[in-house]
């Protein structure tokens, strides 16, 4: 068996930026990289035109972590978009997803639709979930075509369910968040795991009103129970800002 070709860093950036619809100008500006240097590195493969730290910044911008090899950032939900128009070649539309399958080993996938039936065309949405992997694939396609996000495209993946249409539903709020690309990791897991809400924020509001609990009290309880501990923070390093808060400085100490 012929070994799969290893992707180069510039090839990875080209593929991910295409799925995210990031153009070169945007990447250069956000990653603080000279645009001409970036173009030369991307398409001519001139390695010396970008510093290693600049390449790391680009990969981080596109949703990758490099702390233990190259992997998808597990602290975010990744939104990838592909287009399969009426006159486009179906195979090429999904080729990038196939090449990125190595970033999603042993994952499950499913199509997701709103709980309430739609009466007009929408893009198709697919969720890919696995160990520290959360990807939403948005397929903009012709109404005459069928979206082809499946285990043949996502190599090594399997369907979440054995039902005929391989589809789950999302309630109105979670669906709206997903469409707006404003989905937290917890919300992604709720959709994929089909975890139903037994108490809504409206219920919480009514309960708080009944017992005379103020929003400030709820906010303080959340921060005390789930917020990051500040016990180890060095209070000697910081910048005072309006409102009495502190903007902490990250102090980098070089090893002796």
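One residue is enough: does the range 126-141 have a residue meeting the conditions closer than 19 Å to residue 21 by Cα, buried (at least 16 other Cβ atoms within 10 Å of the Cβ) and over 19 Å from the mean Cα position of the chain (by Cα)? For the range 126-141, residues closer than 19 Å to residue 21 by Cα, buried (at least 16 other Cβ atoms within 10 Å of the Cβ) and over 19 Å from the mean Cα position of the chain (by Cα): present. Output the qualifying pairs, or none if there are none: Cβ atoms under 6 angstrom, residues six or more apart or on different chains, first residue in the range 45-64 and on the phi < 0 side of the Ramachandran plot and without any contact (Cβ under 8 Å) to a residue 40 or more places away in the chain, second residue surrounded by 13 or more Cβ atoms within 10 Å (Cβ to Cβ) and part of a helix (DSSP H, G or I). The qualifying pairs are 46/40; 49/37; 49/40; 49/41; 50/37; 50/41. Scanning the range 66-97 for residues that are surrounded by fewer than 16 Cβ atoms within 10 Å (Cβ to Cβ), farther than 14 Å from residue 20 by Cβ, within 17 Å of the chain's Cα centre (by Cα) and at pLDDT 90 or above yields 74, 75. Listed by first and then second residue, the pairs linking a residue in the range 189-214 that is farther than 28 Å from residue 131 by Cα to a residue that is at pLDDT below 90, with Cβ atoms under 7 Å apart and 6 or more places separating them unless they lie on different chains, are 208/218.
The values are calculated or read from the model by the stated rules, or taken from the named source; none is laboratory data. The structure displayed is predicted, hence computed values, not measured ones. Neighbour counts are summed over all protein chains in view; Cβ atoms, including those assigned to glycine, are modelled from backbone coordinates with ideal geometry.
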